[in-house]
1. Give the long-range amide H neighbours of residue 34: residues separated by 5 or more places, or on another chain, with amide H under 5 Å away, using H modelled in the peptide plane at 1.01 Å from N.
2. Charges on Cβ only, +1 for Lys and Arg, -1 for Asp and Glu, centred on the Cα centroid of the chain; of 162, 285, 187, which one is farthest towards the dipole's positive end?
3. By the gyration tensor of its Cα atoms, with a ≥ b ≥ c the square roots of the eigenvalues, what is the shape of the chain: rounded for a/c under 1.5, prolate for a/b over b/c, or oblate?
4. Straight-line reach from residue 72: which lysines have a Cα under 22 Å away, not including same-chain ones fewer than 8 places off?
5. Please list 3J(HN,Hα) in residue order for region 154-159, calculated via the Karplus relation 6.51 cos²θ - 1.76 cosθ + 1.60 where θ = phi - 60°; whole Hz, with x for glycine and proline.
6. Please arrange 202, 157 by how many other C-beta atoms lie within 10 Å of their C-beta, fewest to most.
7. Defining a contact as two alpha carbons under 8 Å apart and six or more residues distant in sequence, what relative contact order in percent does region 167-347 show?
8. Would you give the gap between the C-alpha center of region 210-279 and the C-alpha center of region 142-203, rounded to a whole Å?
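Each reported figure results from applying straightforward, stated rules to the coordinates on display, with no laboratory input. Predicted, not measured: the structure shown is a model, and the values here were computed from it. Here the Cβ is made from the backbone with ideal geometry for all residues, glycine too, and neighbour counts use every protein chain on show.
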Amino acid sequence: MKRILHLLNSLDLGGAEMLVVNLAGQIDRSRFQLMVASLTGPGPLGVELDRLGVETLALHRQRGRDWRLPLKIARTVLRERIDVLHSHNSAPWLYAAAAAVMTRRPLVHTQHSVADQSRTLLLRAERAAALATRRVIADAEDVRHVMVDRQGMPADKVVTIVNGIDTTVYGAASDIAGMRRALGLDAGDLIIGTVGRMVWEKDQRSLIASFARLAPAVPHARLCLVGDGPLRADLQAAAVATGFGERIVFLGSRADVARILPTFDVFVLSSVSEGLPLALLEAMATGLPVVVTQVGGMGEAVRAGDSGLVVAPGDPDRLTAAVKTLIDDPALRARLGRAAQQRAREHFDLRAMVTAYEDVYQAVAR
């Protein structure tokens, strides 16, 4: 049995973290045993991983560059007899690469979004980390192209494994009216919803600005934001400043997203940087019509005009026009929602993703 140590920034709710939880729930336990380490402290997903029988540990990273962290990771690898290290996103990758060199263990890395191309020092550090990495996994073809063509990663090391979700969890019959009441929403409201951490990459500020343009013409529309993060207070202030703050609902971080999604009429992701977000795949599997920005793998997942609408990032006017198109045409909403659901079931199923990761572990651990 191969022992795999996943290294994450945190155990808070997020795309990379949920991918590891999904992987832990489906991986072949007769062949692989997972452990999960958080660079920071414990978090809510630790409870779910514990339920799945996955041991977690917190490394309590110090502020700034923590030069002791690679040694902590290396000691964990040796103590727990880890066969493969698996890092997720930039900071864990850099620390894991140093630990992999110290322990001579194979390192696998998953990049969940494109690095900021203006951060030259980070890009150089990632290229150096790639030298100590056996496989670099991009969660979308766009991410792979950026890493190889723009960042100069070795093409023979970078592969694409698209994210997958348990599509059976989403789109099942649910008590939409009851859930709306529980959330403080009216049956007659037209709900524009989004799910994501409140960080600059998700650009919920553009979505709030877009809603402010839409609100006067659609008095029964409401905007619901699911998620939390360092920009929440700023976004709440921006919502109040629009003059429509009472129609913008902040639901916070939620563990019941699968029950909330069916209450939405339109799902929107206004991100300026992405990989292939699980929230989008979950919305598609629910059967929601989606509006997304043309960044990362979102344009790959959503075929424009067929299973959703795609607009340029950072443009509230175009975002408003796309959402208004869906609001004005219920038949179009229904058609795009059905197509999105079918596409999610055919192309983004969790089992295919897990099998691809299992093959990588088997290959590098020989």
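1. Correct list: 4.
2. 162
3. prolate
4. 2
5. Here the 3J(HN,Hα) series is x, 4, 6, 9, 9, 10 Hz.
6. Ascending number of Cβ neighbours within 10 Å: 157, 202.
7. Details: 329 pairs, mean separation 43.5, N = 181.
Relative CO of region 167-347 lands at 24 percent.
8. 13
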